[in-house]
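The next block holds one structure in the form of structure tokens; read it before the comments.
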Amino acid sequence: MSNTLEIYFERVIDHAPRLIESLYETGIMMGFAMVAAIILGLPLGTLLFLTAEGKPMENKFLYQLANVFVNIVRSFPFLLLVIAMQPAIRYFYGRATGDPIAASFPMMLIAIVLYARFVEQSLLDVPKGVIETAQSLGATIPQLVWKFLYVEARSSLLIGFTTAFVSFISYSTIMGVIGGGGIGDFAIRYGYQRYETDIMYTAIVIIIIFVIFVQWLGLKIAYKIDKR
């Protein structure tokens, strides 16, 4: 038993530099996805809410346009989306594989639409009385959004972002299939393909621990800022 553990730890130490590098690559992809979700996903989800029927900026054309875009991207199998985007990524960035930044483009796209839907749902849960109060006070659309909707839905928005973040981690592991790097690529290349299942399971355990921590932290903060 002790010899088995010694061999295992020796292999983990041997793979440690590449493991750390893969975590750094995953961090790059996750960072780009998170920024895209906040900068573009949050406004897109807000637009979906505001332009829906019976809402302050009701506009069937804008709503349907945004809704169709979100539905198409979300329903696209992610691996096929990655492959379909490669020509565009190669044209604008210069390369489409073997680089965590190149791999971030599909991640950013899925992050935008995924979080947009969470945002829309969070805002739909805001009581109608909040909107009516804002309108009675003469609030403009930006004031309605920032001082009423986001404030009322802040806990739900954070929980949605935490859930989306966990999904981003799952999507990032798929990038290893097309040479995007990251912890998924490490598990496949150094664990599965070399029949070193202990290394593969080590990578899986790291992912699981990270997901549990993110879920715990996100929910803890969400409950703390929920003043309802």
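Considering only segment 123-133, how many residues are in a helix (DSSP H, G or I) and free of Cβ contacts under 8 Å to residues at least 40 places away in the same chain?
Count: 5.
Pairing residues of segment 73-99 that are at pLDDT below 85 with residues that are among the basic types (K, R), at Cβ distances under 6 Å and at least 6 apart in sequence or on separate chains, gives A96/R90. Counting the residues of segment 134-154 that are hydroxyl-bearing (S, T, Y), assigned to a helix (DSSP H, G or I) and exposed (fewer than 13 other Cβ atoms within 10 Å of the Cβ) gives 1. When segment 189-228 is filtered for residues that are surrounded by fewer than 17 Cβ atoms within 10 Å (Cβ to Cβ) and touching a Gly at 6+ places or on another chain (Cβ under 7 Å), only T197 remains. Of all residues in segment 155-168, none satisfies being more than 14 Å from the chain's Cα centre (by Cα), open to solvent by less than 30 Å² (accessible area, probe 1.4 Å) and free of Cβ contacts under 8 Å to residues at least 40 places away in the same chain.
Please work out if S122 is within 18 Å of the chain's Cα centre (by Cα) and not β-branched (V, I, T). Here the answer is yes, as S122 does meet what is asked. Residue check: T97 meets all listed conditions (1) touching a Leu at 6+ places or on another chain (Cβ under 8 Å); (2) within 28 Å of I174 (Cβ to Cβ) but one, namely (1).
The values are calculated or read from the model by the stated rules, or taken from the named source; none is laboratory data. Nothing here was measured: the structure is a model prediction, and the numbers come from that model. Reconstructed Cβ throughout: ideal geometry from the backbone, glycine too, with neighbour counts over all protein chains shown. Protein only, heavy atoms only, side chains kept; ligands, DNA and RNA dropped before computing areas. Shrake-Rupley method; radii C 1.70, N 1.55, O 1.52, S 1.80 Å.
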